[in-house]
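Data first, discussion second: the structure below is written as structure tokens.
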């Protein structure tokens, strides 16, 4: 399978660990401040992005949903409210993030609707054609092998099912792109160091966004993995995109 530039971007270039283990350790280390920094650094607009990505699935009325890279469960919780499915399964490689997510779900009395498990996109522990829909928010950029992760998600998606992926992208307008690059390269790591005590994690965020194959390039990769009827929607002047495809 193809290797992409962002596959090679690591949270810690000096570590001998592979990307998957590094990403898991990184999220474990910032888990307690992850939600706060998401709201703070995006000025709260990340909530709107998640809702818009989930609404792309309304037309198919999914009953069983898989949320890949579920983190602290934000997408699973909002999907439960907006789509009212019978069941949502969330998987993530970070136990630290999952612990926080399970606590949220318990407080909201959603344990009968949402379950979170340790797992990753490359080895999803479910049979073929298990889910009506799949969501991934800010997760595909962290896959160790992007094409393998997409192929595995397609495997567990039912025929007629749909995937909705939310991911950062680079703005096209020159001035906005320059400001965004400065913000992601300088401001975001500084706040990551201040609040999460981990500047490297948020430096990795910038590096992985910068080389991620966004827009038409990512749709081509989705199509190569086997998704059909692919399309994308640009959000907030191009700093984020929703990517959808069907099986």
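What follows draws every value from the coordinates through simple rules; no lab data is involved. Predicted model only: the values in this text are computed from it and were never measured. For neighbour counting, all protein chains shown are included, and Cβ atoms are generated from backbone atoms with ideal geometry for every residue, glycine included.
Classify region 94-247 from the C-alpha gyration tensor, please: rounded if a/c falls under 1.5, else prolate or oblate depending on whether a/b exceeds b/c. Verdict is oblate for region 94-247.
Taken along the Cα-to-beta-carbon direction at a fixed 7 Å, the label points for residue 211 and residue 32 span 3.2 nm. With each label modelled as a point 7 angstrom along the Cα→C-beta vector, the residue 220-residue 39 pair spans 4.1 nm. In region 6-108, Cα pairs under 8 Å separated by at least six residues give a relative contact order of 28 percent. Spin-label model, residue 5 to residue 234: label points 7 Å out along the Cα-to-beta-carbon direction sit 1.8 nm apart.
Write down the percent of antiparallel bridges among all DSSP beta bridges whose residues are both part of the chain, to the nearest 5. Counting only bridges with both partners in the chain, antiparallel ones make up about 40 percent. One decimal place: the segment residue 12-residue 190 gains 62.4 nm when fully extended, by the rule 0.36 nm per residue minus the C-alpha distance. Neighbour counts of other Cβ atoms within 10 Å put 29, 169 in the fewest-to-most order 29, 169.
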